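Shown next, in structure tokens, is the structure this report addresses.
The values are calculated or read from the model by the stated rules, or taken from the named source; none is laboratory data. Everything numeric here is computed off the predicted structure, so don't read it as measured data. When we count neighbours, we look across all protein chains shown, and the Cβ atoms used for this are built from the backbone with ideal geometry, even at glycine.
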Amino acid sequence: MVTAGSGDTAGDSGTPDAATTPGYAADKGAVLKRLRRIEGQVRGISGMVDDDRYCIEVLDQISAVTRALQGVALVLLDDHMAHCVANAVEAGGDEKDAKLAEAAAAIARLVKS
């Protein structure tokens, strides 16, 4: 069951609206935990620069953060495909075409990064 983490609801019924609930809602806690860990890594890199650490050590940490962010992006993309895109494909029409194009563009941006 997908729950609305942001309080979005459909009408006055108080039930989550599938159209406004993010695809990652079920994984929100895990995604936030990973992002907090990455945030700490970035602060650590800042400290390394402040402490005049060796360039390669800093670059190694930047590489690790980049890989961690890519991992989060893949989780979000998977959730988006399984929830948002799947719902749009089921609905059909212009919504389906728009969500598929949006997903293709997001994948292209991720591949380029």
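Here Met1 meets each of (1) at pLDDT 95 or above; (2) loosely packed, with under 11 Cβ neighbours inside 10 Å; (3) part of a loop (DSSP other than H, G, I, E, B) with one exception, condition (1). The test for being modelled with pLDDT of 95 or more, part of a helix (DSSP H, G or I), under 23 Å from Lys112 (Cα atoms) and not aromatic (Phe, Trp, Tyr) does not hold for Arg43. If I filter the range 55-113 down to residues being among the β-branched types (Val, Ile, Thr) and surrounded by fewer than 11 Cβ atoms within 10 Å (Cβ to Cβ), which single residue comes out as farthest from Gly29 (Cα to Cα)? Looking at residues that are among the β-branched types (Val, Ile, Thr) and surrounded by fewer than 11 Cβ atoms within 10 Å (Cβ to Cβ), I get Ile56. Cβ separations smaller than 7 Å between residues 6+ apart or across chains give the following pairs from the range 27-47 residues that are free of Cβ contacts under 8 Å to residues at least 60 places away in the same chain to residues that are among the acidic types (Asp, Glu): Asp27/Asp79.
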